[in-house]
Amino acid sequence: MTTLTIRIDEALKMKASDQADKLGVPLTFIIKSALINFIESPKIVIGEPQNVIVTSDLQSKMDKIGELLS
């Protein structure tokens, strides 16, 4: 086990800590989970996910792509 020291804005730390408390987990757990996710799938998602509306046209395009890949 090792210690990771990072410099972040105090307000950011407090907001993250408050959210972790609402979930009932320590902030350390959140950070560990984020690092594990980054290792397993090396990508960064910034912001909240957007809802995608799947229209019939978009669905047919996705179906064609699926057929090509299978």
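If the condition is being part of a helix (DSSP H, G or I) and not basic (Lys, Arg), then segment 18-30 contributes 18, 19, 20, 21, 23, 27, 28, 29, 30. For residue 15, the test of being assigned to a helix (DSSP H, G or I), under 17 Å from the mean Cα position of the chain (by Cα) and either surrounded by fewer than 10 Cβ atoms within 10 Å (Cβ to Cβ) or at pLDDT 95 or above (or both) is passed.
Is it the case that residue 27 is under 12 Å from the mean Cα position of the chain (by Cα) and modelled with pLDDT of 90 or more? Judged against the criteria, residue 27 is not a match. Pairing residues of segment 47-70 that are at negative phi with residues that are basic (Lys, Arg) and part of a helix (DSSP H, G or I), at Cβ distances under 8 Å and at least 6 apart in sequence or on separate chains, gives no pairs at all. Across segment 28-53, what is the total count of residues that are among the small types (Gly, Ala, Ser) and surrounded by 10 or more Cβ atoms within 10 Å (Cβ to Cβ)? Matching residues across segment 28-53 total 2. When restricted to residues that are closer than 28 Å to residue 14 by Cβ, in a helix (DSSP H, G or I) and over 11 Å from the mean Cα position of the chain (by Cα), segment 37-70 contains 1. Answer with yes or no whether residue 8 is within 14 Å of the chain's Cα centre (by Cα), modelled with pLDDT of 90 or more and among the hydrophobic types (A, V, I, L, M, F, W, C). Here the answer is no, as residue 8 does not meet what is asked.
The values are calculated or read from the model by the stated rules, or taken from the named source; none is laboratory data. This structure is a prediction, so every number in the text was calculated from the model and none was measured. No Cβ is skipped: glycine too gets one built from the backbone with ideal geometry, and neighbour counts run over all protein chains shown.
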